[in-house]
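Comments concern the structure below.
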Amino acid sequence: SYGSWYQHVREWWELSHTHPVLYLFYEDMKENPKREIQKILKFLGRSLPEETVDLIVQQTSFKEMKKNSTVNYSTIPADIMDHSVSAFMRKGITGDWKTTFTVAQNERFDADYARKMEGCGLSFRTE
């Protein structure tokens, strides 16, 4: 309903060649959130005291954000987003696609991704 994810990503990737665009990946944020926050600060040309960065790391953790009604969409009416079907913030882990995709589905996805993203130098981590 929101259009092609592939087109969206490719358009921003092309823009990143002429405009400042920062790509962050969930897997990287899970692996080392402090490093990724520092990457954002560098991109913005800003610095913060170490204690402030540590507080940001804590407050932006999946555990804290899942509890926070200002970011977890829990106040959205059920007719717009039914959390009994699927919560906006689910497990907060990486690689969970393996519990949903079969090997055959993953092979089809990889082929579709390769076809639609051909020539794009952007690469994603999947775990």
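Bear in mind these aren't lab numbers, they're just calculated from the coordinates by the rules spelled out. Quick caveat: nothing in here was measured; it's all calculated off a predicted structure. In this analysis, Cβ positions are derived from the backbone assuming ideal geometry, glycine residues included, and neighbour counts consider all displayed protein chains.
Considering Cα pairs under 8 angstrom that are at least six residues apart, work out the relative contact order of the chain and quote it in whole percent.
30
With a/c under 1.5 counting as rounded, go ahead and sort the stretch 1-67 into rounded, prolate or oblate using the C-alpha gyration tensor (a ≥ b ≥ c being the square roots of the eigenvalues; past the cut-off, prolate if a/b is larger than b/c, else oblate).
oblate
When the Cα centres of the stretch 1-40 and the stretch 53-81 are compared, how far apart do they sit, in Å?
Using only Cα atoms to place each centre, the spacing works out to 20 Å.
Which entry in (1) 188; (2) 108; (3) 150 matches volume of the Cα convex hull per residue in Å³ derived from the coordinates of this structure?
So the calculated entry is the one marked (3).
Just to check I understand the Karplus step: with θ = phi - 60° and J = 6.51 cos²θ - 1.76 cosθ + 1.60, what whole-Hz values come out for the stretch 38-47, glycine and proline as x?
Here the 3J(HN,Hα) series is 5, 5, 5, 4, 4, 4, 7, x, 10, 9 Hz.
Kindly provide the chymotrypsin sites (Phe, Trp or Tyr not before Pro) of the stretch 50-116 that DSSP labels as loop, not H, G, I, E or B, and whose Cβ sees at most 16 other Cβ atoms within 10 Å.
The qualifying sites are Tyr73, Phe88, Phe101.
Using only helices, what value at 222 nm comes out for the chain when you add -39,500 (n - 2.57) per DSSP H run of length 4 or more and divide by the total residues, to the nearest 500 deg cm²/dmol?
Computed ellipticity for the chain at 222 nm equals -13500 deg cm²/dmol.
How many lysine pairs does the chain hold where the Cα atoms are under 23 Å apart and the two sit 8 or more places apart or on different chains?
Within the chain, the lysine pair count is 19.
In the stretch 14-87, what trypsin sites (Lys or Arg not before Pro) fall in a loop by DSSP, with at most 11 other Cβ atoms inside 10 Å?
Here the sparse-neighbourhood loop sites are Arg46.
To the nearest 20 debye, what charge dipole does the chain have about its Cα centre, counting +1 at the Cβ of each Lys and Arg and -1 at the Cβ of each Asp and Glu? Show your work: numbers first, answer last.
Working: 17 positive and 18 negative charges, 27 e Å.
Charge dipole, the chain, about its Cα centre: 120 debye, nearest 20.
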